[in-house]
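Enquirer: Supplied in structure tokens, the structure appears directly below.
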Amino acid sequence: MFTPEIINKFSSINTPFYYYDLAVLEENLSVLQKISRQFGYHIHYALKANANPPILELISKYGFGADCVSGNEIKRALEFNFTADKIVFAGVGKTDREISFAIKNNIQCINCESIVELDVINELARKEERRARVALRINPDLEANTHHYITTGKKDNKFGINLKELDDLGNRLSDYSNIQLIGLHTHIGSQIRDLEVFKHLALRLNEILDGFKRRGIIFSDLNLGGGLGIDYENPEKNAIPEYQNYFKLFHDTLKPFPNQQIHFELGRAIVASCGSLISRVLFVKKGFETEFAIIDAGMTELIRPALYQAYHKIINLTSHGPSCKYDVVGPVCESSDFLGKNVMLPETHRHDLLAILSTGAYAEVMASRYNLRDLAPAVYSRELK
Ligand SMILES: *Cc1c(COP(=O)(O)O)cnc(C)c1O
């Protein structure tokens, strides 16, 4: 990814910037396409991980669908050639405008997160004189073994319809004359590396599907959400996520209805590895016990360490030699503004270039202008050729 030629080109670009290696993304997409086809699974890319135009162009070119969590994401997906019949829309707090926009554009499915929302979708679809295709997002009450801020499928999380409510709903489904109920949806969290979690999900879904079947309700679609994690510790070694094991686990465990279409919504797994945040060292400063490498990127460009205590591998692109330990911190006026603690780097100097790896997902999309900092630009590998 970082050849001497590329590093040389970096030296003439103002830092910080996000660097996207589109060859890495293509490699990921072609592996995902091949494996998902083998299983006959439909993949929707979760736009919220990264919605930059060149990235969306590539992903839609591979024929994948889109998973959106706002009206603007639906709009963006349509602009970048994701067809409406492959767009799904989730979110606990959809506005009336967003719901109507989704209905007007006849997207594949609205993933509905509560009974009150179901009433609203029905009403808005009636106004549009349409039947909206809807899947019920269920909260399966499962532990995802990931950071608690990115767990979404426990019963005390705000997401989805809880199992008790789902049971009551089963009897009233025919009340919704402007809704075509096509399936079930679930998404239990993000950065899930313990695949056993997905096995528990599949088993729970089998029970729920059985419950509906006993009432004579058969769904055409089942959407298992996203959440497949990546290896932030060894990104160079394990650049491709565990797609094969992930899909095989569902294939072996899940008991879908005949002809039921299976969908996934992957974000991080697809785009995280193609991005790096490139930053210059401003100062190396002795602290009381630690040495600080103070760099020109911080929580404004990458909030994940501050928000989720997330780990990103950091490498020094310009200095080489024996390692020392640094706390790599940003310039923002917050003590939570760090990119990495106890990071082993070759002896690091002012003006060295550092790369913070695996920042293709949930980095640039979460950037802020706190401290009135400028938004860092994106640079694509093809521009450096
Ligand atoms: C965020 C999100 C995803 C994608 O999650 P990843 O961990 O990036 O794969 C999928 N579905 C829904 C509903 C989401 O909110």
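Enquirer: Between a first residue in segment 181-199 that is outside any loop (DSSP other than H, G, I, E, B) and within 10 Å of the ligand (Cβ to nearest atom) and a second residue that is among the polar types (S, T, N, Q) and modelled with pLDDT of 95 or more, which pairs have beta carbons less than 7 Å apart while being 6 or more apart in sequence or on different chains?
Expert: HIS185/ASN111; HIS185/ASN223
Enquirer: Next question. Tally up the residues in segment 364-385 that are within 17 Å of VAL329 (Cβ to Cβ) and either within 16 Å of the ligand (Cβ to nearest atom) or aliphatic (A, V, I, L, M) (or both), please.
Expert: 1
Enquirer: Further, regarding this structure: Go through segment 150-187 residue by residue and tally those that are more than 24 Å from ARG214 (Cβ to Cβ) and surrounded by 13 or more Cβ atoms within 10 Å (Cβ to Cβ).
Expert: 8
Enquirer: Hey, another quick one. Quickly run through segment 102-135 and pick out the residues that are touching a helix residue (DSSP H, G or I) at 6+ places or on another chain (Cβ under 7 Å) and β-branched (Val, Ile, Thr).
Expert: Residues satisfying the conditions are ILE103, ILE107, ILE110, ILE115, VAL120, ILE121, VAL134.
Enquirer: Hey, any hits in segment 111-129 for a residue that's within 16 Å of the ligand (Cβ to nearest atom) and basic (Lys, Arg)?
Expert: Looking for residues that are within 16 Å of the ligand (Cβ to nearest atom) and basic (Lys, Arg), one finds none in segment 111-129, hence no.
Enquirer: Quick check on my filter: what residues within segment 118-132 are free of Cβ contacts under 8 Å to residues at least 60 places away in the same chain and not in a loop (DSSP other than H, G, I, E, B)? Break it down stepwise before answering.
Expert: So the first thing to find is which residues in segment 118-132 are free of Cβ contacts under 8 Å to residues at least 60 places away in the same chain, and the list is 119-132.
Once the filter is applied, which keeps residues that are free of Cβ contacts under 8 Å to residues at least 60 places away in the same chain and not in a loop (DSSP other than H, G, I, E, B), segment 118-132 yields ASP119, VAL120, ILE121, ASN122, GLU123, LEU124, ALA125, ARG126, LYS127, ALA132.
Enquirer: Condition first: assigned to a loop (DSSP other than H, G, I, E, B) and surrounded by 13 or more Cβ atoms within 10 Å (Cβ to Cβ). Now tell me which residues in segment 352-374 satisfy that.
Expert: Our first condition is that a residue be assigned to a loop (DSSP other than H, G, I, E, B); within segment 352-374, this holds for 352, 357-363, 367-369, 373-374.
Across segment 352-374, the qualifying residues are ASP352, LEU357, SER358, THR359, GLY360, ALA361, TYR362, ALA363, ALA367, ARG373.
Enquirer: Of the numbered conditions (1) assigned to a loop (DSSP other than H, G, I, E, B); (2) over 30 Å from ALA306 (Cβ atoms), GLU165 satisfies every one except a single condition; which is it?
Expert: Tallying (1) assigned to a loop (DSSP other than H, G, I, E, B); (2) over 30 Å from ALA306 (Cβ atoms), GLU165 fails exactly one: (1).
Enquirer: All but one of (1) within 16 Å of the ligand (Cβ to nearest atom); (2) surrounded by fewer than 23 Cβ atoms within 10 Å (Cβ to Cβ); (3) small (Gly, Ala, Ser) hold for GLY216, so report the exception by its number.
Expert: With respect to (1) within 16 Å of the ligand (Cβ to nearest atom); (2) surrounded by fewer than 23 Cβ atoms within 10 Å (Cβ to Cβ); (3) small (Gly, Ala, Ser), GLY216 is out only on (1).
The values are calculated or read from the model by the stated rules, or taken from the named source; none is laboratory data. Everything numeric here is computed off the predicted structure, so don't read it as measured data. All Cβ positions, even for glycine, are placed from backbone atoms using ideal geometry, and neighbour counts span all protein chains on display.
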